[in-house]
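Notes follow the structure.
The values are calculated or read from the model by the stated rules, or taken from the named source; none is laboratory data. Everything numeric in this text was worked out from a predicted model, so none of it was measured. When we count neighbours, we look across all protein chains shown, and the Cβ atoms used for this are built from the backbone with ideal geometry, even at glycine. The accessibility values were calculated without ligands, DNA or RNA, using every heavy atom of the protein model including side chains. Shrake-Rupley method; radii C 1.70, N 1.55, O 1.52, S 1.80 Å.
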Amino acid sequence: MSSMGSILKVSGPLVVAEGMRDANLFDVVRVSRQRLIGEIIEMHGDRASIQVYEETSGLKTGEPVESVGIPLSVELGPGLIGGIFDGIQRPLAVIMERIGNNLSRGVEVPSLDREKLWHFVPVARTGDSVMGGDILGTVQESPVVSHKILVPPDKSGTISQIAEGDYSIEDVIAVLVTSSGTANLTMLQKWPVRIGRPYAKKLPPDMPLITGQRVVDCLFPIAKGGVAAIPGPFGSGKTVTQHQLAKWAQADIIVYIGCGERGNEMTDVLNEFPELIDPYTGQSLMNRTVLIANTSDMPVAAREASIYTGITIAEYFRDMGYAVAIMADSTSRWAEALREMSGRLEEMPGEEGYPAYLGSRLAQFYERAGRVISLGSDGREGTLSAIGAVSPPGGDISEPVSQATLRIVKVFWGLDAQLAYKRHFPAINWLTSYSLYVDTLQEWYTGNISPEWNTNRTRFLHLLQEEAELEEIVKLVGMDALSPSDRLKMEVARSIREDFLHQVAFHEVDTHSTLKKQDLLMKLILLYYDASSDALTHGADIESIVSLEVREKIGRFKYTPETDIDDEYAQIEARLMHEIEQAQKKEVF
């Protein structure tokens, strides 16, 4: 039921309207004669505080305000994949075709194309009993995504009719006989963005989300259905890291949210993704990607809508049984929008002016990730992994947004500006980062990759930690003061940093590293360490050990094409043992 009121006060993105007694909290409203879209965030009697998702300059008191009578919702159906939407799910490409590059205020365009025909292939049959979440049929939305048309979660009954052929998303494709009558089902669903989509059961996250980035997969893994944060100062590589994860993470669907970031960063996504070839499908990466572009020059309040719009779309694909990864860049910009709205609502501020409910809002977003059994009778499994960038001012992670995020997420990829300035990519600091999924993923790595994987990972971390401690001594007394065994540790740690952790994002081979290649490279580095340690105990000279020619071959192993890694590993291993043996004999004689 709609409700009509009038503007009483305008304060930036906050509009207070009176005469809204029949409206409800979180209803969508149309503000002024320009019909700007907004959402009711507070109600006091007949006065509604409205968060407007468009520019409010020029609004006047007394102008009409109309409540649509439904909460802010997204349209779910064929047409999402490959789409570029703003924070409130307006299709930017369609708007550009109609009115040009300038996004006019109050423009009303359907989120999904109502005229395009999709070929619907039924899976269910006439007479079948179905429940919410069951698959009615499929639509081949892109060359790699089969869009499953689901029974709405709140519907169940017997199918009396089901179609096959080409239909628009609003055409009736099935008729369901329910206990309360008949229901016409279409390919289009609408879902309130602030309410998580239901599922049958949540499962423990015990499988890794493989990203092809060695520092992530090996040292600080994230589980499928897990949550991670990437905090770091300006220029440390948050966006580039998220781009790499979006390109190479082993997920069926990618939802990328540019939440308040600079326009040039979203431009990079728009330019690169259509041209990138997905290593898992051989098709364009855009064929499994949904983009939410809400850049820093767009209205501040819409940042909140963009976060919820993105996670709801991701849940929809999760319900189909897909592995979905959502990238939010960056949640700090969303928190800044919350701070502005909180100030205009004259709420009691929390730390540094952020609202006292900042932590709970972040938690509401991240807790919608997970590995679940979807609704429906087939028990299909879907995962939703959430990776959020955090942009603390000056890289100070003691600020409220970073601290609230760290209390929620289980993986912390701490970016380091000094590493970024040294051109070390990814600039994830191995001394400050951590993953709380390591214990739950151990069994998977042991059973699927190598029994030594977890032991080798632990040895890598210990060597890096020891290097940090030895560096303090080197700064004071120089490298020559170290014992041969400590010199060797420093050299092996340097090899771990430069040969293993450093990864060239724009190299056609090194941009993505399989777990098998990562395992072999780990083994080569540790084989060099163990063989050299043994040689030192038998009298070999540290200078000879450090200057072995095979070390360059180990360092270049990461550039080996996947088809050649077994042969290359065997050759390097044989050459390493030969050179170590020669170095040892040389010192003996």
Residue in region 317-324 that is at negative phi, surrounded by fewer than 22 Cβ atoms within 10 Å (Cβ to Cβ), at pLDDT below 85 and not polar (S, T, N, Q) present: no
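Each row is one residue, and each column tells you yes or no for (1) assigned to a strand (DSSP E or B); (2) open to solvent by less than 10 Å² (accessible area, probe 1.4 Å); (3) more than 22 Å from Ala314 (Cα to Cα); (4) of a type in the set (Phe, Trp, Tyr).
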| position | (1), (2), (3), (4) |
| --- | --- |
| Met187 | no, yes, no, no |
| Trp191 | yes, no, no, yes |
| Asp206 | no, no, no, no |
| Ile210 | no, no, no, no |
| Gly235 | no, no, yes, no |
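Residues are listed down the side, and each one gets a yes or a no for (1) in contact (Cβ under 8 Å) with a residue 40 or more places away in the chain; (2) closer than 30 Å to Asp519 by Cβ; (3) out of contact with any Asp or Glu (no Cβ under 7 Å at 6 or more places or on another chain):
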| site | (1), (2), (3) |
| --- | --- |
| Gly132 | yes, no, no |
| Leu150 | yes, no, no |
| Gln161 | no, no, yes |
| Asp171 | no, no, yes |
| Leu176 | yes, no, yes |
| Gly196 | yes, no, no |
| Gly212 | yes, yes, yes |
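The rows are residues; the columns are (1) part of a helix (DSSP H, G or I); (2) under 26 Å from Val550 (Cα atoms); (3) modelled with pLDDT of 95 or more.
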{"site": "Gln418", "(1), (2), (3)": "yes, no, no"}
{"site": "Phe425", "(1), (2), (3)": "no, yes, no"}
{"site": "Leu464", "(1), (2), (3)": "yes, yes, yes"}
{"site": "Leu470", "(1), (2), (3)": "yes, yes, no"}
{"site": "Ile473", "(1), (2), (3)": "yes, no, no"}
{"site": "Leu476", "(1), (2), (3)": "yes, no, no"}
{"site": "Asp480", "(1), (2), (3)": "yes, yes, no"}
{"site": "Arg487", "(1), (2), (3)": "yes, yes, no"}
{"site": "Val492", "(1), (2), (3)": "yes, yes, yes"}
Residue satisfying all of: in region 282-307; within 25 Å of Gln51 (Cα to Cα) and without any contact (Cβ under 8 Å) to a residue 40 or more places away in the chain; least open to solvent (accessible area, probe 1.4 Å) among these: Thr295
Positions within region 139-150 being in contact with a strand residue (DSSP E or B) (Cβ under 7 Å, 6 or more places away or on another chain) and surrounded by fewer than 18 Cβ atoms within 10 Å (Cβ to Cβ), in sequence order: Gln140, Ser146
Residues located in region 342-367, provided they are hydrophobic (A, V, I, L, M, F, W, C), open to solvent by less than 50 Å² (accessible area, probe 1.4 Å) and in a loop (DSSP other than H, G, I, E, B): Leu345
Enumerated helices (runs of 4 or more DSSP H) restricted to region 520-589, each holding at least 2 residues that are open to solvent by 10 Å² or more (accessible area, probe 1.4 Å), more than 16 Å from Ala493 (Cα to Cα) and touching a residue at least 24 places away in the same chain (Cβ under 8 Å): 565-588
Condition broken by Gly100, with the remaining ones in (1) open to solvent by 60 Å² or more (accessible area, probe 1.4 Å); (2) more than 30 Å from the chain's Cα centre (by Cα); (3) free of Cβ contacts under 8 Å to residues at least 12 places away in the same chain satisfied: (1)
Region 394-433 - residue that is over 24 Å from Phe506 (Cα atoms) and among the basic types (Lys, Arg) and, of those, farthest from the chain's Cα centre (by Cα): Arg407
Which numbered condition His502 fails, given (1) within 17 Å of Leu526 (Cβ to Cβ); (2) touching a residue at least 60 places away in the same chain (Cβ under 8 Å): (1)
Options Asp166, Asp134; residue that is within 27 Å of Gly382 (Cα to Cα), in contact with a strand residue (DSSP E or B) (Cβ under 8 Å, 6 or more places away or on another chain) and not aliphatic (A, V, I, L, M): Asp134
Checking Phe500 against (1) assigned to a helix (DSSP H, G or I); (2) open to solvent by 10 Å² or more (accessible area, probe 1.4 Å); (3) under 23 Å from Pro221 (Cβ atoms); (4) not polar (S, T, N, Q), the condition it does not meet: (2)
Qualifying residue in region 116-131 (condition: under 27 Å from the mean Cα position of the chain (by Cα) and either over 29 Å from Gly38 (Cβ atoms) or at pLDDT below 95 (or both)): no
Counted residues, region 416-440 - those being among the aromatic types (Phe, Trp, Tyr) and out of contact with any helix residue (DSSP H, G or I) (no Cβ under 8 Å at 6 or more places or on another chain): 3
Residues of region 264-298 classified as small (Gly, Ala, Ser) and under 27 Å from Glu562 (Cα atoms), total: 2
So Thr182, is it within 21 Å of Asp252 (Cβ to Cβ), assigned to a strand (DSSP E or B) and among the polar types (S, T, N, Q): no
Residue in region 469-483 that is among the charged types (D, E, K, R), under 22 Å from Leu219 (Cβ atoms) and touching a residue at least 24 places away in the same chain (Cβ under 8 Å) present: no
Pick from region 368-398, criterion β-branched (Val, Ile, Thr) and more than 30 Å from Val123 (Cα to Cα), ranking: surrounded by the fewest Cβ atoms within 10 Å (Cβ to Cβ): Ile397
Only listed residue being in contact with a Pro (Cβ under 7 Å, 6 or more places away or on another chain), modelled with pLDDT of 95 or more and open to solvent by 30 Å² or more (accessible area, probe 1.4 Å), chosen from Pro198, Pro153: Pro198
Looking only at region 252-269, and only at residues there that are at pLDDT 80 or above and more than 10 Å from the chain's Cα centre (by Cα), the one that is most open to solvent (accessible area, probe 1.4 Å): Asp252
Which numbered condition Asn102 fails, given (1) part of a loop (DSSP other than H, G, I, E, B); (2) under 20 Å from Tyr316 (Cα atoms): (2)
